[in-house]
Structures are given as structure tokens and as C-alpha cells.
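The values are calculated or read from the model by the stated rules, or taken from the named source; none is laboratory data. Quick caveat, the model's predicted, so the values are computed rather than measured. Cβ coordinates were reconstructed from backbone atoms using ideal geometry, including for glycine residues, and neighbour counts include every protein chain displayed. Only protein heavy atoms, including side chains, enter the accessible area calculation; ligands, DNA and RNA are left aside. Shrake-Rupley method; radii C 1.70, N 1.55, O 1.52, S 1.80 Å.
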Amino acid sequence: QAQLVESGGGLVQPGGSLRLSCTTSGVGFSIASMGWYRQAPGLQRELVATISSGGITNYADFVKGRSTISRDNAKNTVYLQVDSLKPEDTAVYYCNLGTTIRGLYRSLEVWGQGTLVTVSS
């Protein structure tokens with residue numbers, strides 16, 4: 001059974017940084033694409049970043065240039081580093097198991113429980 005467990009959220013001041021982790025089990029991690037989504041209160045869940053099994057990354061415009069998604073296949077873990085955090089980055093961040101088809105990320109609808117990131121002074 002696939003399981004995704006996020007960690008690393010918390011309260012951060014504007015301009016600060018966070019590194020989120022998602023440890024997986026029960027999935028073929030090394031051949032999977034992985035994604036990070038976020039959902040702010042009252043808003044729809046949105047895609048933040050993805051990484052393919054081959055390490056190709058993609059970012060949403062709102063984090064491009066200040067975020068890095070990476071993976072450690074030996075640890076079955078995917079990371080999301082976000083710098084220069086803004087109050088509008090406040091959201092629950094979710095790890096997602098996916099696949100890449102014709103260069104596009106597709107969610108397999110396997111999710112972690114989420115980790116809350118609050119950006120506030």
C-alpha cells in the first residue's frame with residue numbers, strides 16, 4: 001500500500017526558507033514522478049513543482065526562481081525547498097505520486113496528509 005508522509009512545515013517569517021520532505025513507502029519510487037501541491041484556505045489545490053524519475057523538474061510561475069524540488073532515490077524521499085517565502089505562500093503542502101506522460105505530469109491521486117506552512121511575522 002502506497003504511503004506518503006510529509007514533514008518540515010511550520011511558522012516562518014516573510015523572507016525565510018523552508019525545506020519540506022516527503023518520505024514514501026509501498027511505491028516504486030525510483031520510477032515514479034513526484035509532485036508537490038498546496039492548498040490555501042478557501043482556494044483550490046494547486047501544483048507547485050514536479051520532478052520526473054529522470055530528475056526533470058518543473059515549477060509553477062509563483063515559485064519559479066525561489067524553489068527547488070529534488071529527490072533521493074536511496075531514501076525514497078522527495079524534497080521541496082522554498083526560499084524568499086511570502087505570506088501568500090501560506091498553505092497546506094501536499095506530496096503527490098504521479099507519472100509523466102508525453103512530458104506532462106499526471107497525478108495518480110495518491111496523497112500525503114499534508115504539512116502546514118504559515119508565513120507570518
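What number does the stretch 1-51 give for Rg over Rh if you use C-alpha atoms and the Kirkwood radius? Rg/Rh: 1.01. Shown here is the pair-distance distribution of the stretch 61-121: with all Cα-Cα distances grouped in 10 Å bins from zero up to the longest one, the shares run 18, 45, 33, 4, 0 percent.
Largest GNM mean-square fluctuation among L97, L43, L80, using the chain with Cα springs under 10 Å: L43. Solvent-accessible area assigned to carbon and sulfur over the stretch 46-121 amounts to 49 percent, based on a 1.4 Å probe.
For the stretch 5-121, what's the relative contact order in percent, using C-alpha pairs closer than 8 Å and at least 6 residues apart? Contact order relative to length: 36 percent. Here the 3J(HN,Hα) profile of the stretch 91-107, calculated from phi with Karplus coefficients 6.51, -1.76 and 1.60 at θ = phi - 60°, is 4, 8, 9, 10, 8, 9, 8, x, 9, 10, 10, 6, x, 10, 6, 10, 5 Hz, Gly and Pro shown as x. Here the Gaussian network model covers the chain, with springs between Cα atoms less than 10 Å apart; of G42, G54, G15, G42 fluctuates the most. Simple rule: put +1 on each Lys or Arg Cβ and -1 on each Asp or Glu Cβ in the chain, find the dipole, and look at G15, T77, A32; the Cα lying farthest toward the positive end is A32. Per residue, the accessible area of the stretch 46-121 comes to 51 Å² when a 1.4 Å probe rolls over the protein heavy atoms. Based on the Kirkwood approach, the hydrodynamic radius assigned to the chain is 14.2 Å, with every pair of different Cα atoms included. Using the Karplus relation 6.51 cos²θ - 1.76 cosθ + 1.60 with θ = phi - 60°, the per-residue 3J(HN,Hα) values for the stretch 34-44 come to 10, x, 10, 10, 9, 9, 8, x, x, 10, 6 Hz, with x marking Gly and Pro.
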